[in-house]
Amino acid sequence: MQILEIREKSVAMGAPMRNAVIDFSKMTVSAVAVVTDVMRGGRPVIGYGFNSNGRYSQGEIIRARLAPRVLELTPQQQQNAAGDNLDPARLRAAMLRNEKPGGHGERAVAVAAVEIAIWDAAAKIEGLPLWRLLGGAAAENRVFVYAAGGYYDEEKGIPGLIEEVRGYLAEGYDWVKIKIGGAPLAEDIKRIEAVLELLGGEGGRLAVDANGRFDLETALEYAAALAPYNLRWFEEPGDPLDYALNAEIARAYPNAIATGENLFSLQDATNLIRHGGLRRDLDYLQFDPALAYGVTETIAITRMMEEHGWSPRRFIPHGGNLLALALTGALKLGASESYPGVFQPFGGFADDTPIEDGYVRLPDAPGIGFEKKAALYEVLKGVAA
């Protein structure tokens, strides 16, 4: 049993929209196919993966460094101790051979794309959904999800934003997240108030995301303006690595803060918890499995959180895709983000699992379930062709 090929393809994911920091018109993503020599139904088992939105494709790192390190291993070195499946953690370690610690950045994103595909293959070989393989009988097969969107689009304006959110509610989502920080504060407040009116004035049904845009002074100004609305959370007010700024906002802002999606390693996540001033009973952590080295690292981050007194329910992973959903069910995390209207075909969940009262059932197909999302599978199987 072994991996025969690791294929990568850069796929355009561009869209005419922006957040407070970047526009997405030229965004790309790496789609990965891991081809094994294991046969099921007369065909080789193939695992699929991709990196999360917002960090561009990673083809050169995968082709020049990561794939060769895996493919040079013997079949026995690729397998688990029993010899009856691949060993994703061992293969991840092989990808990181001869890499210095620290400065995780793009490397973490590239490793994640490949490691996710390996886990998809391993779950398929086992004949189990990934969430069941990882979580066993304790895993949850029904997960709360929220709709992320509300990007800036000058052509659509506030009427377009309201129409977008109305569409999410019609799909079955109970609460949503929109962007802030890409317009003056007064305009952002108008956007917030318009959405809140649609949501019946319930602040807990709306989260806002600044995408790390603000300096301390601006973040504090926004915090003061947002506080009366009692929003679900104020996400990434400043640079994600500025733990002192984050701690200062936590001291000044009475409601929940959410952050972590742009921290790409166990050590960075640990430093956030140690030094970021976050409150265990109020704030949220949002590490993205498809940016932070993949499944194995996400499991380690969850265990670290528990060791520091955090409930996994305070972990709501960024990503809005089937991988984040699978890990939410397996690790019993608090909820999963969803991108039902953007970052297609990678965002969102299986075609045959509708959102019901804010919840979605996890796919029962072996692996992560990419095959259950037709438009996504069409892209992924093209990588393996």
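The values are calculated or read from the model by the stated rules, or taken from the named source; none is laboratory data. Nothing here was measured: the structure is a model prediction, and the numbers come from that model. Every residue, glycine among them, receives a Cβ derived from its backbone with ideal geometry; neighbour counts consider all protein chains shown. Accessible surface areas use protein heavy atoms only, side chains included; no ligands, DNA or RNA. Shrake-Rupley method; radii C 1.70, N 1.55, O 1.52, S 1.80 Å.
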Which strands (runs of 3 or more DSSP E) sit wholly inside the stretch 1-52 and have at least 2 residues that are buried (at least 16 other Cβ atoms within 10 Å of the Cβ) and touching a Gly at 6+ places or on another chain (Cβ under 6 Å)? 28-40
Residue among 163, 155 that alone is part of a loop (DSSP other than H, G, I, E, B), of a type in the set (D, E, K, R) and surrounded by fewer than 16 Cβ atoms within 10 Å (Cβ to Cβ): 155
Given the conditions (1) aliphatic (A, V, I, L, M); (2) over 19 Å from residue 176 (Cα atoms); (3) surrounded by fewer than 22 Cβ atoms within 10 Å (Cβ to Cβ), which single one is not true for residue 256? (2)
Answer yes or no as to whether residue 244 is more than 15 Å from residue 317 (Cβ to Cβ), open to solvent by 40 Å² or more (accessible area, probe 1.4 Å) and more than 22 Å from the chain's Cα centre (by Cα). yes
Which condition does residue 187 not pass, out of (1) over 19 Å from residue 336 (Cβ atoms); (2) touching a residue at least 24 places away in the same chain (Cβ under 8 Å), if it passes all the others? (2)
Take residue 81 and tell me if it is open to solvent by 40 Å² or more (accessible area, probe 1.4 Å), assigned to a loop (DSSP other than H, G, I, E, B) and without any contact (Cβ under 8 Å) to a residue 24 or more places away in the chain. yes
Options 327, 263, 282, 291; residue that is within 14 Å of the chain's Cα centre (by Cα) and free of Cβ contacts under 8 Å to residues at least 60 places away in the same chain: 263
Restricting attention to the stretch 124-135, the residues that are touching a Leu at 6+ places or on another chain (Cβ under 6 Å) and within 18 Å of residue 361 (Cα to Cα) number exactly 1
Residue among 116, 61 that is buried (at least 24 other Cβ atoms within 10 Å of the Cβ), in a helix (DSSP H, G or I) and of a type outside the set (Phe, Trp, Tyr): 116
Candidate set: the stretch 331-385, residues that are acidic (Asp, Glu) and farther than 18 Å from residue 318 by Cβ; chosen: the one surrounded by the fewest Cβ atoms within 10 Å (Cβ to Cβ): 357
Hits in the stretch 136-150 (condition: open to solvent by less than 20 Å² (accessible area, probe 1.4 Å) and either touching a residue at least 60 places away in the same chain (Cβ under 8 Å) or within 17 Å of residue 361 (Cβ to Cβ) (or both)): 139, 143, 145, 146, 147, 148, 149
Could you figure out which of (1) crowded, with 24+ Cβ neighbours inside 10 Å; (2) assigned to a helix (DSSP H, G or I) isn't true of residue 69? (1)
When the residues of the stretch 90-109 are filtered to those that are in contact (Cβ under 8 Å) with a residue 40 or more places away in the chain and not in a loop (DSSP other than H, G, I, E, B), which remaining residue is most open to solvent (accessible area, probe 1.4 Å)? 106
Enumerate the pairs (first residue in the stretch 205-220 and touching a residue at least 60 places away in the same chain (Cβ under 8 Å) and within 13 Å of residue 150 (Cβ to Cβ); second residue anywhere and hydrophobic (A, V, I, L, M, F, W, C) and open to solvent by 50 Å² or more (accessible area, probe 1.4 Å)) with beta-carbon separation below 9 Å, excluding pairs fewer than 6 apart on the same chain, so at least 6 apart or on different chains. 210/21; 211/21; 211/22
Per the list (1) under 27 Å from residue 272 (Cβ atoms); (2) touching a strand residue (DSSP E or B) at 6+ places or on another chain (Cβ under 7 Å); (3) small (Gly, Ala, Ser); (4) in a loop (DSSP other than H, G, I, E, B), residue check on residue 309 breaks on (2)
Hey, can you tell me all the residues within the stretch 261-292 that are in contact with a Gly (Cβ under 9 Å, 6 or more places away or on another chain), of a type in the set (Gly, Ala, Ser) and surrounded by fewer than 23 Cβ atoms within 10 Å (Cβ to Cβ)? 265
Does the stretch 195-204 hold any residues that are surrounded by 16 or more Cβ atoms within 10 Å (Cβ to Cβ) and assigned to a helix (DSSP H, G or I), and which are they? 195, 196, 198, 203
Selected residue (only one of 238, 167, 201 is closer than 28 Å to residue 279 by Cα, of a type outside the set (D, E, K, R) and in contact (Cβ under 8 Å) with a residue 12 or more places away in the chain): 238
Looking only at the stretch 205-217, decide whether some residue is crowded, with 21+ Cβ neighbours inside 10 Å and farther than 20 Å from residue 316 by Cα. yes
Candidates 169, 185, 133, filtered to the one that is among the hydrophobic types (A, V, I, L, M, F, W, C), touching an Asp or Glu at 6+ places or on another chain (Cβ under 6 Å) and open to solvent by 20 Å² or more (accessible area, probe 1.4 Å): 133
